[in-house]
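Undergrad: This is the structure I have questions about; it appears just below.
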Amino acid sequence: MGHLGSLLCGHQNKEGIAKKAMDQLANSLDSFSSRAVKYLREPASDDSQTFGPFCARVILENGCAALVGRLDCFRVLYLSEFQSQSEYAPGKRAKSAFSWTGDVIPDDRASDALWSVDHDLAKISRALFSRHLDHVYWRPAVEHMLDFASAREPTGALADILTLDAETYIGTCRGRSQQLYSMLSKGVHWEFFTSALLFDDATVKSAIRDSCLLMAHLGLASHFIPTAYASLTPDAAVEAYISFRQDVP
């Protein structure tokens, strides 16, 4: 294992605060994806049903945080510096903390007009799945990725990549990530108060696989964004993706 950290955080041939933040996220992603893949391959157990949803949730959240950091470096630089201050209190909620709604999922109250002279810059969403990031980053990246993958020798590991649609890709990712986030929240926060509702082995494994593949697809596409931080070469990104798919078929 180790490929998911590279897919989402990029190469480590960098220096400074951003590298430290990305290394931290990469280590977390590699650790939890290794455990998640173990649960996928092994028979059901108390451990897999208890900790499987937690692993999937970490992959989902830390993967998105890594992508936010690579597309909007100031965000992760600020958070890294803020958390290193002596007055930072882990037990106190910071208004600037990384948030699923805001950093990943955009505010649904945004204007229907994508470009307008009346837009206030501070109110334009820079969330990972916002319409503006979709337009300037994701659609061109997915189109480039599809062209690159199509020119390679056919392989089963790239088959699902070639079915993606650049126009609808981020909308689909946004919807699926919200579903997974909500479902996994119940497993992480233990919201079930009747044993009849506990996740069974098939549900846990499906959630793990879906979370891994969602983040792997996004990670691969991110390396086709020219301005993304610490990107792998297209060939290296595809090889990392194929290697990861060998672990998560």
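Undergrad: Say we look at segment 146-160 and pick out the residues that are under 13 Å from Ala221 (Cβ atoms) and among the acidic types (Asp, Glu); which of these is farthest from the chain's Cα centre (by Cα)?
TA: Per the criteria, the residue is Asp147.
Undergrad: Still on this model: Can you find a residue that is among the aromatic types (Phe, Trp, Tyr) and closer than 21 Å to Ala240 by Cβ anywhere in segment 27-48?
TA: Among the residues of segment 27-48, at least one is among the aromatic types (Phe, Trp, Tyr) and closer than 21 Å to Ala240 by Cβ, which makes the answer yes.
Undergrad: Take the residues of segment 108-145 that are aromatic (Phe, Trp, Tyr) and not in a loop (DSSP other than H, G, I, E, B): which is farthest from the chain's Cα centre (by Cα)?
TA: Tyr137
Undergrad: Please state which one of Trp138, Trp115 is at pLDDT below 90 and among the aromatic types (Phe, Trp, Tyr).
TA: Going through Trp138, Trp115 in turn, the sole match is Trp115.
Undergrad: Also, I was wondering about something else. Within segment 214-249, restricting attention to residues that are closer than 13 Å to Ala66 by Cβ, of a type outside the set (A, V, I, L, M) and assigned to a helix (DSSP H, G or I), which residue is nearest to the chain's Cα centre (by Cα)?
TA: Looking at residues that are closer than 13 Å to Ala66 by Cβ, of a type outside the set (A, V, I, L, M) and assigned to a helix (DSSP H, G or I), I get Gly219.
Undergrad: Now for a separate question. Could you tell me whether segment 86-100 includes any residue that is over 29 Å from Gln179 (Cβ atoms) and touching a residue at least 60 places away in the same chain (Cβ under 8 Å)?
TA: no
Undergrad: Separate question: Give the residue that is surrounded by the fewest Cβ atoms within 10 Å (Cβ to Cβ), with candidates limited to residues of segment 44-64 that are over 14 Å from Ser211 (Cβ atoms) and either free of Cβ contacts under 8 Å to residues at least 24 places away in the same chain or within 11 Å of the chain's Cα centre (by Cα) (or both).
TA: Asp46
Undergrad: Specify the residue that is surrounded by the fewest Cβ atoms within 10 Å (Cβ to Cβ); the eligible residues are those in segment 69-83 that are over 15 Å from the mean Cα position of the chain (by Cα) and free of Cβ contacts under 8 Å to residues at least 60 places away in the same chain.
TA: Filtering first and then ranking leaves Phe74.
Undergrad: I'm told Glu167 meets every condition in (1) assigned to a helix (DSSP H, G or I); (2) at pLDDT 95 or above; (3) surrounded by fewer than 21 Cβ atoms within 10 Å (Cβ to Cβ) except one. Can you identify the failing condition by its number?
TA: Unmet for Glu167, out of (1) assigned to a helix (DSSP H, G or I); (2) at pLDDT 95 or above; (3) surrounded by fewer than 21 Cβ atoms within 10 Å (Cβ to Cβ): (1).
Condition check ((1) under 27 Å from Leu218 (Cα atoms); (2) at pLDDT 85 or above) across all residues:
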| residue | (1), (2) |
| --- | --- |
| Ala66 | yes, yes |
| Leu77 | yes, yes |
| Gln85 | no, yes |
| Trp100 | yes, yes |
| Ile105 | yes, yes |
| Ala110 | yes, no |
| His119 | no, no |
| Lys123 | yes, no |
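Undergrad: Let me ask you something else. Out of (1) buried (at least 21 other Cβ atoms within 10 Å of the Cβ); (2) under 16 Å from Ile59 (Cβ atoms); (3) touching a residue at least 60 places away in the same chain (Cβ under 8 Å); (4) out of contact with any Lys or Arg (no Cβ under 6 Å at 6 or more places or on another chain), what's the single condition that is false for Leu184?
TA: (4)
Undergrad: Would you please list the contacts, defined by Cβ atoms under 7 Å and residues six or more apart or on different chains, that run from a residue in segment 162-178 that is closer than 21 Å to Ile242 by Cα to a residue that is among the acidic types (Asp, Glu) and outside any loop (DSSP other than H, G, I, E, B)?
TA: Short answer, once both residue conditions are applied: Ala166/Glu143.
Undergrad: Follow-up. Looking only at residues that are among the charged types (D, E, K, R) and modelled with pLDDT of 95 or more in segment 198-238, which one is surrounded by the most Cβ atoms within 10 Å (Cβ to Cβ)?
TA: Lys205
Undergrad: If the requirement is being acidic (Asp, Glu) and under 29 Å from Thr227 (Cα atoms), which of these qualifies: Asp30, Asp46?
TA: After applying the criteria, what remains is Asp30.
The values are calculated or read from the model by the stated rules, or taken from the named source; none is laboratory data. On a predicted model such as this, the values are computed, not experimentally measured, just so you know. All Cβ positions, glycine included, derive from the backbone under ideal geometry; neighbour counts span all protein chains shown.
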